[in-house]
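What follows is a set of notes on a single structure, which appears directly below.
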Amino acid sequence: MKYNIALVPGDGIGPEVVEAAVKVLEVTGEKFGHEFCFTKYLAGGAAYDACGEPLPQETIDGCLAADSVLFGSVGGPKWDGVPREKRPEQAVLGLRKALGLYTNLRPAKIEPALADACVLRPDIAAKGFDLMIVRELTGGIYFGERGRNEAGDAAYDTESYSVAEIERVARRGFEAARKRKGHLTSIDKSNVLETSRLWRETVHRLGESEYTDVRLDDMLVDNAAMQLIRDPSFFDVVLTSNMFGDILSDEASQVTGSIGLLASASLGDSASGLYEPIHGSAPDIAGKDIANPIATILSAAMMLRYSFDLGEEADYIEKAVSDVLSDGWRTADIKSPDAEEWLSGSQMRDKILEYMK
Ligand code: IPM
Ligand code: MN
């Protein structure tokens, strides 16, 4: 089969990690007899510099036409002074909206080989954890009405959710739970927010009518922030609104101690999706061949699994990565503090390719 993949490398370390993932996809294609065709598009600060727009129409059209999108990262201090609607972040928000990607899957787990990188107390880390945040991605306060009053001394942003918006992402959450341990924790702030009360009611109605096989519980977002540190092994699938998921997913990824390993998928109703590492553009290390390419390589594996239904191929990449890690190979971000040698980004990429032979 032939698959057309749009590449949106973006800024900072984006281009180098995307390039590593492309190599991994090429080798996978050769091995399993698939043809992956890549077309590159500009987004973020790179696009702003080239044409004054963070998300050119050509990029939107190319991504819409492709079978799937592999995204690097956008942003950096260089564009701090740019007006809000032209900021590099608008590229990722605009793409999510244009492609209708209302669900964001963000897995976070302790890699057994990397348990010592986990920042939690050893007795908590020893219990391990493996959770998946299912975050709503095209609604809520990110896309609500916002503005300032005339005097400019007051501002507002609006959180708003419809039942339909809550239901479609909640279904993704229930379905993810079915494929995992069958436990869904829905996050809200229903002791204060009306949107959260609607969220909770809607999730329960769906759970009681269609997903009685899934164990459903609710947790207030502040408590969830605490439980992620106190006992992350409690969680299986965590369902959140856009903003709560933004915050909790950064927390969950940092708790693993290896943000350079974490992948994500953004999905809508079509098979196409957008796959990106959770980490940012890390401009301070860009171009130095230090960045860990694993998160993007694992994002490419998620693409094979979720968009192309190539589970065996995805397993194959994931196994190579986990074998490399269990054999002790490390990049700078995941090495132990007293290690004297570690791999550069391109050496890690080559090591993974070697394990894929
Ligand atoms: C993320 C990022 C984005 C978000 C930014 C870059 C707009 O933080 O993917 O989590 O807040 O969604
Ligand atoms: Mn974020």
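No value in this document is a laboratory result; all are computed from the given coordinates. The structure displayed is predicted, hence computed values, not measured ones. FYI the Cβ positions are ideal-geometry reconstructions off the backbone, even for glycines, and counts take in every protein chain you see.
Below are the figures for this structure:
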read-out	value
Ranked by how many other beta carbons lie within 10 Å on average, peptides 343-351, 39-47, 330-338 from highest	39-47, 343-351, 330-338
Overall form of region 119-255 per C-alpha gyration tensor (a/c, 1.5; a/b vs b/c)	oblate
Sequence-separation-based contact order of the chain, relative, with Cα cut under 8 Å and 6+ spacing, percent	21
Cα gyration tensor, region 28-131 - rounded (a/c under 1.5), prolate or oblate	oblate
Qualifying lysines (Cα of each under 26 Å from Cα of residue 189; at least 8 residues distant if same chain)	97, 109, 181
Global geometry of the chain, whether rounded, prolate or oblate, following the gyration tensor of its Cα atoms and the 1.5 cut on a/c	rounded
Assigned charges on the beta-carbon of Lys, Arg, Asp, Glu; the chain dipole about Cα centre (debye)	340
Size of electric dipole in region 111-207: Cβ of Lys, Arg +1 and of Asp, Glu -1, about Cα centre, debye, nearest 20	580
Model label zone, residue 39; criterion: amide N under 16 Å from point 7 Å along Cα-to-beta-carbon; scope region 69-103	69-71, 99
Region 191-208 - phi-based ³J(HN,Hα) in whole Hz, Karplus 6.51/-1.76/1.60, Gly and Pro as x	6, 10, 9, 5, 4, 5, 5, 5, 4, 5, 4, 5, 4, 5, 4, 5, x, 6
Highest average packing first - 77-85, 62-70, 201-209, Cβ atoms within 10 Å	62-70, 201-209, 77-85
